[in-house]
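The values are calculated or read from the model by the stated rules, or taken from the named source; none is laboratory data. A quick note: this is a predicted structure, and the numbers were derived from the prediction, not measured. Please note: Cβ atoms are built from the backbone with ideal geometry, for glycine as well, and neighbour counts cover all protein chains shown.
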């Protein structure tokens, strides 16, 4: 699954570590999500969505769509 | 909640240290049972039973510490751990039974010891965690 987390982080001037801390996950997990190597759970996706104040579908994009 | 207040990384570090200490304690109590009976109390049954009960208590503590460690991890770290545990369980059942059969049909000259199985599980688990961690980098 593709996502816009890296872009949103840059727009909010936020490091992976800061986002990880706000989401209560490890920096490695944020890195894996950004690279599309790990798909987050729905609760984590909602947390990220809430932090960036963007709807989930605007952050996470289905590869097949 | 306490873990989130303390910060994820800090809570994770505390849980890891806690697990390490419990594992070390369990390991020492295991060595005490095995070597103590031979070198310290000359196989006196009462002391051996007390030492084994102590070992069981330490083992229970280690299991609880591991549970806390897992619960304190995030979803990706937990997935790496779960994958590693599933693989080590499969390898230990299949490999352990094959190894045991080698002993039963006298293909191997030595006895198949439980410690060999523990070593196999540990190495499989360790390698699976390393591979899992690299895979998500």
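Only one of B:47, B:17 is in a helix (DSSP H, G or I) and surrounded by 13 or more Cβ atoms within 10 Å (Cβ to Cβ); which?
Of B:47, B:17, the one residue that is in a helix (DSSP H, G or I) and surrounded by 13 or more Cβ atoms within 10 Å (Cβ to Cβ) is B:47.
Please identify the pairs in which a residue from region B:1-17 that is within 11 Å of another protein chain (Cβ to nearest Cβ) and under 14 Å from residue B:66 (Cα atoms) has its Cβ atom under 7 Å from the Cβ atom of a residue that is surrounded by 12 or more Cβ atoms within 10 Å (Cβ to Cβ) and modelled with pLDDT under 90, counting only partners at least 6 apart or on another chain.
B:11/B:3
Taking the criterion of being exposed (fewer than 15 other Cβ atoms within 10 Å of the Cβ) and more than 25 Å from residue B:135 (Cβ to Cβ), would at least one residue in region A:29-43 satisfy it?
no
Could you grab me the full set of residues in region A:1-26 that are touching a residue at least 40 places away in the same chain (Cβ under 8 Å), assigned to a helix (DSSP H, G or I) and under 17 Å from residue A:43 (Cα atoms)?
Result: A:5, single match.
With the condition kept exactly as written, say whether any residue in region B:109-125 is over 18 Å from the mean Cα position of the chain (by Cα) and assigned to a helix (DSSP H, G or I).
no
Have a look at B:101, B:82, B:76 and point out the one that is within 14 Å of chain A (Cβ to nearest Cβ) and free of Cβ contacts under 8 Å to residues at least 24 places away in the same chain. Explain how you work it out, then say what you get.
Working: B:101 fails: within 14 Å of chain A (Cβ to nearest Cβ); B:76 fails: free of Cβ contacts under 8 Å to residues at least 24 places away in the same chain.
Answer to the check: B:82.
Considering region A:27-55 alone, what residues qualify as being under 9 Å from the mean Cα position of the chain (by Cα) and assigned to a loop (DSSP other than H, G, I, E, B)?
Passing the criteria: only A:40.
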